[in-house]
């Protein structure tokens with residue numbers, strides 16, 4: 001076996017593999033497994049762990065009675081998010097991963113200084129409702145959901 005210092009120092013890339021051991025959950029019959037992990041998966045885990053929350057961040061565009069369209073900037077919650085138009089000034093976002101945890105979900109949104117009165121409510125572990133003063137009230141809107149651990 002070679003001495004670890006005999007290997008040259010490199011620059012890590014997202015797809016590089018790092019050897020590690022996956023430790024089983026306590027009180028299970030599972031055994032520890034040695035396997036490869038990608039550098040990007042380790043970085044994502046470290047990022048979420050350091051922040052204390054997972055997030056879905058997007059720029060929302062909406063006009064008339066159409067469902068909002070999201071330009072996703074980041075999604076560490078996982079799953080897909082589906083946007084819908086419910087009624088005048090009322091929109092929904094549904095998480096396929098049931099990622100909205102009760103009493104641990106916070107939504108940050110703005111209305112780009114166009115119309116005041118954008119609000120939100122987490123209806124369930126998979127549904128958030130956004131309200132605006134009128135249709136097209138979130139014509140261009142920053143939107144972020146944070147789910148704390």
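The values are calculated or read from the model by the stated rules, or taken from the named source; none is laboratory data. Only a predicted model underlies this, so the values are computations on that prediction, with no experimental measurement involved. Cβ placement follows ideal geometry from the backbone for every residue including glycine, while neighbour counts extend to all protein chains displayed.
Scanning for something in contact (Cβ under 8 Å) with a residue 12 or more places away in the chain and within 30 Å of residue 21 (Cα to Cα), does the range 123-131 turn up at least one residue? Within the range 123-131, not a single residue is in contact (Cβ under 8 Å) with a residue 12 or more places away in the chain and within 30 Å of residue 21 (Cα to Cα). Considering (1) closer than 23 Å to residue 138 by Cα; (2) part of a strand (DSSP E or B); (3) without any contact (Cβ under 8 Å) to a residue 24 or more places away in the chain, the lone condition that residue 20 does not fulfil carries the number (1). Residues in the range 59-86 that are in contact (Cβ under 8 Å) with a residue 60 or more places away in the chain and part of a loop (DSSP other than H, G, I, E, B) were compared, and the one that is nearest to the chain's Cα centre (by Cα) is 77.
In the range 112-149, the residue that is modelled with the highest pLDDT out of those that are closer than 16 Å to residue 88 by Cβ and touching a strand residue (DSSP E or B) at 6+ places or on another chain (Cβ under 6 Å) is 129.
When you look at residue 38, is it modelled with pLDDT of 90 or more, within 30 Å of residue 85 (Cβ to Cβ) and in contact with a strand residue (DSSP E or B) (Cβ under 8 Å, 6 or more places away or on another chain), yes or no? In short, no. When residues in the range 22-34 are screened for being surrounded by 10 or more Cβ atoms within 10 Å (Cβ to Cβ) and touching a strand residue (DSSP E or B) at 6+ places or on another chain (Cβ under 7 Å), 2 of them pass.
Looking at the range 36-58 only, could you name the residues that are part of a strand (DSSP E or B) and surrounded by 11 or more Cβ atoms within 10 Å (Cβ to Cβ)? Correct list: 37, 38, 53, 54, 55, 56, 57, 58. The number of residues in the range 49-66 being modelled with pLDDT of 90 or more and under 14 Å from residue 131 (Cα atoms) comes to 0.
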